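Scroll down for the structure; my scribbles are underneath it.
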Amino acid sequence: MSIYLPPDIEDFLTGWLRERIPNISVRNKEPQELHAPLDKPLVVIRDDSGTRTSLVTWDRSVGVSVLAGSKSYDKPANDLARLVYAHLTDDAVTDAPGSPIAAVLDEGCNGPYAVQDDQDVARRYMTIEYSVTGEQQ
């Protein structure tokens, strides 16, 4: 009998986004220390989990932070956050090679929102929700 694991959505999305937006850093963990100004904009993708919907499918929500610019000059963060949102909600993500994503669930896509940061960097946050297929073991 086979079992199915939820996919590593962080790994897939960080690689997929790196291919689409050059000259940014895309990670699944935020560095312990941020030093403003940033050398290059940073996007952090975090799997916020979700519910199992069948033997082989899950709903998965991801939280995405975008850090760029500064508190007094937030245009780079705003522009990048909108671009990241557009890529992560584009149905093309379902057709990408190796994609575990079956569908973008629009009702779970929110933001980007401004979030305060202790550093002198502009931070934007969004959530994206997907229906995903598991990995057979």
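The values are calculated or read from the model by the stated rules, or taken from the named source; none is laboratory data. None of these values were measured; they are calculated from a predicted model. In this analysis, Cβ positions are derived from the backbone assuming ideal geometry, glycine residues included, and neighbour counts consider all displayed protein chains. In case anyone asks, the SASA skips ligands and DNA or RNA and just uses the protein heavy atoms, side chains included. Shrake-Rupley method; radii C 1.70, N 1.55, O 1.52, S 1.80 Å.
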(request) Kindly indicate whether residue 54 is of a type in the set (S, T, N, Q) and open to solvent by less than 20 Å² (accessible area, probe 1.4 Å). (result) no
(request) Please work out which one of (1) open to solvent by 20 Å² or more (accessible area, probe 1.4 Å); (2) on the phi < 0 side of the Ramachandran plot; (3) in contact (Cβ under 8 Å) with a residue 12 or more places away in the chain is the condition residue 92 fails and give its number. (result) (3)
(message) Checking residue 98 against (1) without any contact (Cβ under 8 Å) to a residue 12 or more places away in the chain; (2) open to solvent by 70 Å² or more (accessible area, probe 1.4 Å): exactly one of these is not met. Which one?
(response) (1)
(message) What are the pairs with Cβ atoms under 6 angstrom where one residue, in region 1-30, is closer than 18 Å to residue 48 by Cα and free of Cβ contacts under 8 Å to residues at least 40 places away in the same chain and the other, located anywhere, is open to solvent by less than 70 Å² (accessible area, probe 1.4 Å) and outside any helix (DSSP H, G or I)? Sequence gap at least six, or different chains.
(response) 14/26; 14/28; 14/45; 26/43; 27/44; 28/45; 30/44
(message) If I go through region 111-137 residue by residue, how many of them are more than 16 Å from residue 78 (Cβ to Cβ), modelled with pLDDT of 95 or more and open to solvent by 50 Å² or more (accessible area, probe 1.4 Å)?
(response) 1
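Residue by residue through region 14-47, note down the ones that are surrounded by fewer than 14 Cβ atoms within 10 Å (Cβ to Cβ) and either polar (S, T, N, Q) or assigned to a loop (DSSP other than H, G, I, E, B) (or both).
In the first step, residues of region 14-47 are kept if they are surrounded by fewer than 14 Cβ atoms within 10 Å (Cβ to Cβ); the result is 15, 19, 22-23, 29-33, 35, 37, 39-40.
Within region 14-47, 22, 23, 29, 30, 31, 32, 33, 35, 37, 39, 40 qualify.
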